[in-house]
Amino acid sequence: MMKCVLAVDIGNTNITLGLFKGRALAKKAKIPTHAHASYAKRLAKFLRGASIDAVIISSVVPAD
């Protein structure tokens, strides 16, 4: 059975999502990063029907 991995890159401009089945990218999406976004709803829609085995998260810290 192929593993399903969710990759999340949280950047200053976008949150980029990738859903991998094995080594193949099955699905991708970008969500604009701003203070009033509904990230949970968009993530739930992106993941609908997926069975996730692992998650990889990367993030940046904005300069002060």
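The values are calculated or read from the model by the stated rules, or taken from the named source; none is laboratory data. These numbers come from a predicted model, not from an experiment. All Cβ positions, glycine included, derive from the backbone under ideal geometry; neighbour counts span all protein chains shown. Note: accessible area is taken over every heavy atom of the protein model, side chains too, but ligands, DNA and RNA are not part of it. Shrake-Rupley method; radii C 1.70, N 1.55, O 1.52, S 1.80 Å.
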Subject >> Extension gain, VAL8 back to ALA24 (0.36 nm per residue minus Cα-Cα distance, nm) >> reply: 4.2 nm
Original post:
Relative contact order, percent, of the chain when contacts are C-alpha pairs under 8 Å separated by at least 6 residues?
Top reply: 41
Subject >> Accessible surface of ILE56 - all protein chains present, 1.4 Å probe, nearest 10 Å² >> reply: 100
Subject >> Unit charges on C-beta of K, R, D, E only; dipole of the chain, Debye >> reply: 420
Original post:
Compactness ratio of the chain: Cα Rg over 2.2 N^0.38 Å, N = residue count?
Top reply: 1.18
Subject >> Leading residue at positive end of dipole, the chain (Cβ point charges), from ILE31, GLY11, VAL61 >> reply: ILE31
Subject >> Rounded percent of accessible protein surface that carbon and sulfur make up, the chain, 1.4 Å probe >> reply: 60
**OP:** Pick out which of LYS21, LYS30, LYS45 has the largest mean-square fluctuation in a Gaussian network model of the chain, springs linking Cα atoms closer than 10 Å.
**Re:** LYS45
